[in-house]
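Below: the structure, in structure tokens.
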Amino acid sequence: MAEDQRETGKRPVPEDVRERVRFLTAEIDRHNYLYHTLDAPEISDTLFDALYHELVTLEEQWPELRSPWSPTLRAGGRLLEALPKKAHRVKMYSLDNVFSAREWEDFLEKLRRAYEGQGPWNEYFYCDPKLDGLAVELIYEQGVLTEAMTRGDGESGEVITEACRTIPTIPLKLRDEQPPELLEVRGEVVMFKKDFLALNAAQKAQNKKIFANPRNAAAGSLRQLDLSVARSRKLTFLAYSLGASLWRPGTASRTHTELMQRLADFGFLTPPNGRLCKGSSEVVSYAEWVRSNREDFPMEIDGCVVKVDELAVQRQLGFTARAPRFAVAFKFPPLKVSTLLKNIEIQVGRTGVLTPVAVLEPVAVGGVIVSRATLHNEDEIKAKDIRIGDTVWVQRAGDVIPEIVGPVLEKRRNDLQPFVFPDKCPVCASPVYREPGQAALRCENLSCPAIRLRSVLHFVSKAGLDIPGFGEKWVEQLVQSGRVACPADLLTLTVPELLQFKRMGETLAAKLVAALAEACRQTSLERLISALGIRHVGTETARTLAEHYQDLDRLAKAREEDLLTLRDVGPEVALSVRHFFSTPANLELLAKLKEAGLWPVQKAKALHAEQSQVLAGKTVLFTGTLAISRSEAQKAAEAAGAIIVSGVSKKLDYLIVGEKPGSKLAKAEALGIAVLTEEEFFALLGK
Ligand code: IVH
């Protein structure tokens, strides 16, 4: 108790501070809503940031002023240990499907019979697109978001409140002076197609996991234990129905259409292009309209949902064990078509990996013409038994990346032979090699023209020096002519030399040479390391290496055991870095880079500079014996925005424990306070 008082100080809060915090909380919330939900911002990002930081600072000084809907709660930046499970108050049902107008009529017939004799109803239906994301329930008590859960198995789901708070389209407080006492809002968390493509491009550039489709990406992001990752993913919530609700007298909606308007008034986005259809034939034309405009929706959709509009009729009809009787999913046929597999080409990548690519008779899949698709590797072809000459099913996974599902066996001619993977590189004819435990076959010949081409292309790509204008066709000509054998050879190109190539003009040649010269002056060490294309070294690892070694001479001499002490460098990466710098051809490349003047040196970073504010406003206490000194640990925490306190109380956010923690740990556990080990704490700081 005495401890409690000491920590919070109990200075009386000046009234103007209290008022300012109240103003900032509401104002930031309003601008967040204008920007993310209404897409109609009123102020600049700079001004928004200034308001936000003012609030962060005031809340740090006066933690008791932080409201349960403060926009600073969206900051994420915590590490969860697990996602606890919890039962839904009202079961989250799934939906029955119909796939055609015929099946819809059958469903409607059943519906009419089920409602027979219960009074008149108008056969109005509220229809909206069926969003392909993750069903989520948000619980608002007295208008404030208190909990969020995944659908799970319908009976119970995982608690994902913290991750949901990072989603800007989820209101932390309903926009209503007199909100319902309890409101469980159900809807879908989706990743827009453009955000999904950007995420995968970034993941690829950093050698990180590629997501198969937006739904997987959304699910992976929501179930993140690392909330700073969850926050960095662009997710959107759209509301479409309710779970339990306790409305103030006379405020409940009468129809689904009204309910959707109420949800929008509360500050939610709702599925786009929802419409009230008056009678069965309007439902059919609505479904047809959505299907033919499917590609134009910003998120993935896989049908539309048709709901009886009158809520009293919905209640009368009720549910079967699995699904409501008053609603149905009108699903679109999957985006899958069959076509002829004309050939399987083998591509040799920058790292020598041989990738089989299906060459198809061009075919439209969901509005996109597909003529090539990756077959991934030898095992994949064997597992699916795909043969040249087969008719194959082509599908756009998550409507983005075309994929070969498998052969249409009924259509196979009996003279087709199983595909035999080459044992020689198709470009340089060197024997290929399969690393134990890996699916990929690779060409190990460093002077293989295909590998040269790919590594030069990588060097000028976005992940490398980012020199626009150096398209594949130029690089191909340069490599074929023998003038460019390694990326460094680009740097000595002159305008007259470039002009010898077919279709190269003065302007472009001058532009390319200037861009290369500029790159020599400007390129940072981390970018150059990434451009080298060392296996398993993406932009993130390149930054770590640049920060630590500061120039390529030192990196080239780094020993494996030293590399292993760095953040995000595991045995695979360390080995591959060592391998790269002990290959004579690569040492030659370094010598050429140095000679051409592309030799950036990274300045040492000031300690704690640029530490992200992951602990902004959080109270932290250390206990037990730490591996580093207590004061160093505290400095690191403060650099990340934490406030160091002296005792355990309910107000403590994190207890960080070393060896032999003693009574503080027991007390923190009793109070349900987050406990981190020293290691977890530094992982949280990104160290
Ligand atoms: S209304 C009683 N509307 O699809 C269920 N659901 O496959 C009423 N879904 O679990 C749900 N888009 O989570 C509704 N526009 C939409 C939807 C939608 C996607 C989800 C829903 C359901 C699942 C069934």
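The values are calculated or read from the model by the stated rules, or taken from the named source; none is laboratory data. Bear in mind that the values here come from a model prediction, so they are computed numbers and not experimental data. Note that we place each Cβ from the backbone using ideal geometry, even for glycine, and neighbour counts take in every protein chain shown. Note: accessible area is taken over every heavy atom of the protein model, side chains too, but ligands, DNA and RNA are not part of it. Shrake-Rupley method; radii C 1.70, N 1.55, O 1.52, S 1.80 Å.
Please list the non-local residues whose amide H lies under 5 Å from the amide H of GLY533, H modeled 1.01 Å from N, same-chain partners needing a gap of 5 or more.
Long-range HN contacts for GLY533: none found.
Using 19 Å as the cut-off for backbone N distance, which residues of segment 74-94 belong to the label zone defined by a point 7 Å from the Cα of TRP247 along Cα→Cβ?
From segment 74-94, the list is 90.
Considering the Cα trace of segment 500-625, what is its radius of gyration and what is Dmax, both in angstroms?
Cα-based Rg and Dmax for segment 500-625 come out at 19.2, 71 Å.
Using a 4.7 Å Cβ cut-off, which Cys residues in the chain lack a partner cysteine?
CYS127, CYS164, CYS277, CYS304, CYS486, CYS520, each lacking another Cys Cβ under 4.7 Å.
Expressed as a whole percentage, what fraction of the accessible surface of segment 402-466 belongs to carbon and sulfur atoms when a 1.4 Å probe is rolled over the protein heavy atoms? If you can, show how the numbers build up before the last one.
Working: 1930 of 3640 Å².
Carbon-and-sulfur percentage of accessible area, whole number: 53.
What's the ranking of 122-131, 499-508, 336-345 by average number of surrounding C-beta atoms within 10 Å, highest first? Before the final figure, lay out each step's value.
Working: 122-131: 21.7, 499-508: 11.4, 336-345: 16.1.
Put in order of decreasing packing, that is 122-131, 336-345, 499-508.
Give the Kirkwood hydrodynamic radius (Å, one decimal) of segment 22-133, defined as one over the mean of 1/r across all pairs of different Cα atoms. Can you show the working numbers first?
Working: mean 1/r = 0.0506 Å⁻¹.
Kirkwood hydrodynamic radius for segment 22-133: 19.8 Å.
When a/c reaches 1.5 or more, the comparison of a/b and b/c decides; with that in mind, is segment 162-251 rounded, prolate or oblate per its Cα gyration tensor?
Prolate is the answer for segment 162-251, as a/c is 1.5 or above and a/b outweighs b/c.
Would you work out the Kirkwood radius for segment 430-540? I mean one over the mean of 1/r across all pairs of different Cα atoms, in Å. Don't skip to the end; give the middle numbers.
Working: mean 1/r = 0.0663 Å⁻¹.
The answer is 15.1 Å.
Hey, how much of the P(r) for the chain falls beyond 36 Å, as a percent of Cα pairs? Please report the intermediate quantities before stating the final value.
Numbers: 131516 of 235641 pairs.
The answer is 56 percent, as a whole percent.
Beyond 26 Å between alpha-carbons counts as too far, so tell me which of LYS209/LYS462; LYS86/LYS331; LYS660/LYS687 fall in that bin.
Working: LYS209/LYS462 18 Å; LYS86/LYS331 30 Å; LYS660/LYS687 23 Å.
Violating the 26 Å Cα-Cα cut-off are LYS86/LYS331.
Taking only DSSP H segments of four or more residues, each worth -39500 (n - 2.57), what value at 222 nm results for the chain once the sum is divided by all its residues, to the nearest 500 deg cm²/dmol?
Numbers: 25 runs with 248 residues, N = 687.
For the chain, the value works out to -10500 deg cm²/dmol.
Between segment 396-448 and segment 520-582, what is the separation of their alpha carbon centroids in Å?
What the calculation gives is 31 Å, centre to centre.
By how many nm would the segment from THR57 to GLU561 lengthen if fully extended, with 0.36 nm per residue of separation less the alpha-carbon distance?
Values: separation 504, 0.36 × 504 = 181.44 nm, distance 4.26 nm.
So the extension gain works out to 177.2 nm.
What list of ³J(HN,Hα) values in whole Hz, one per residue of segment 12-29 in order, does the Karplus curve 6.51 cos²θ - 1.76 cosθ + 1.60 (θ = phi - 60°) give from phi, with Gly and Pro shown as x?
x, 6, x, 4, 5, 5, 4, 5, 5, 5, 4, 4, 4, 4, 5, 5, 5, 4
Using a 1.4 angstrom probe on heavy atoms only, work out the carbon and sulfur share of the accessible area of segment 251-360 in %.
Carbon-and-sulfur percentage of accessible area, whole number: 50.
Might you tell me the accessible area per residue for segment 159-301, computed with a 1.4 Å probe and given in Å²? Working shown, then result.
Numbers: 6100 Å² over 143 residues.
Heavy-atom accessible area per residue stands at 43 Å².
Given a cut-off of 19 Å, name the pairs among LYS473/LYS511; LYS473/LYS502; LYS130/LYS208; LYS557/LYS594 whose C-alpha atoms lie farther apart than that in the structure shown.
On the way: LYS473/LYS511 16 Å; LYS473/LYS502 10 Å; LYS130/LYS208 30 Å; LYS557/LYS594 16 Å.
Those over the limit are LYS130/LYS208.
Could you tell me what fraction of 2.2 N^0.38 Å the Cα radius of gyration of segment 207-356 comes to, as a two-decimal ratio? Write out the running numbers ahead of the final one.
On the way: Rg = 21.4 Å, N = 150, 2.2 N^0.38 = 14.8 Å.
Scaled against compact globular proteins, the figure is 1.45.
Ranked from highest to lowest mean number of other Cβ atoms within 10 Å per residue, what is the order of the peptides 135-144, 243-252, 563-572, 591-600?
Values: 135-144: 20.3, 243-252: 11.9, 563-572: 14.3, 591-600: 16.2.
By packing density, highest mean first, the sequence is 135-144, 591-600, 563-572, 243-252.
Give me the number: length gained by fully extending GLU659 to ASP39, i.e. 0.36 nm times residue separation minus the C-alpha to C-alpha distance, one decimal in nm. Numbers along the way, then the final one.
Working: separation 620, 0.36 × 620 = 223.20 nm, distance 5.08 nm.
Extra length from GLU659 to ASP39 when fully extended: 218.1 nm.
Bin by bin, in steps of 10 Å, what percent of the Cα pairs in segment 356-458 do you find, going until the bin that has the longest distance?
13, 36, 33, 16, 1
Probe of 1.4 angstrom, ligands and nucleic acids ignored: what's the accessible area per residue over segment 401-534, in square angstrom? Each step should come with its number before you reach the end.
Details: 7010 Å² over 134 residues.
On a per-residue basis, segment 401-534 sits at 52 Å².
At a 10 angstrom cut-off on C-beta neighbours, averaged per residue, how do the peptides 407-419, 550-562 rank from highest to lowest?
The peptides rank, most packed first, as 550-562, 407-419.
Want the number for LYS85 to LEU508: 0.36 nm per residue separation, take away the alpha-carbon distance, what's left?
Details: separation 423, 0.36 × 423 = 152.28 nm, distance 6.03 nm.
Extending this stretch completely gives an extra 146.3 nm.
Find, among the trypsin sites (Lys or Arg not before Pro) in segment 156-205, those assigned to loop by DSSP (not H, G, I, E, B) with at most 16 other beta-carbon atoms within 10 angstrom. Walk me through the numbers on the way to the answer.
On the way: sites: ARG165, LYS173, ARG175, ARG186, LYS193, LYS194, LYS204; in loops: ARG175.
Of the trypsin sites (Lys or Arg not before Pro), the ones in loops of segment 156-205 whose Cβ has at most 16 other Cβ atoms within 10 Å are ARG175.
Calculate, for segment 31-94, the solvent-accessible area per residue in square angstrom, rolling a 1.4 angstrom probe over the heavy atoms of the protein chains.
Working: 3590 Å² over 64 residues.
About 56 Å² of surface per residue is accessible.
Could you give me the radius of gyration and the Dmax of segment 614-687, taking only the C-alpha atoms into account and expressing both in angstrom?
In Å, with Rg to one decimal and Dmax whole: 11.0, 29.
Would you mind getting me the FRET efficiency between ASN122 and ALA202? Use the beta-carbon distance for r and R0 = 45 Å, nearest 0.05. Walk me through the intermediate numbers first.
On the way: r = 50 Å, r/R0 = 1.10.
For R0 = 45 Å, the calculated efficiency reads 0.35.
For segment 278-379, what size does the Cα cloud have along each of its three principal axes, sorted from largest down, in whole Å?
Its Cα atoms span 65, 29, 24 Å along the three principal axes.
Whenever you get a sec, compute what percent of the accessible area on segment 530-680 sits on carbon and sulfur atoms (1.4 Å probe). All intermediate terms of the calculation are to be shown ahead of the outcome.
Numbers: 4030 of 7690 Å².
After summing per-atom areas, the C and S share lands at 52 percent.
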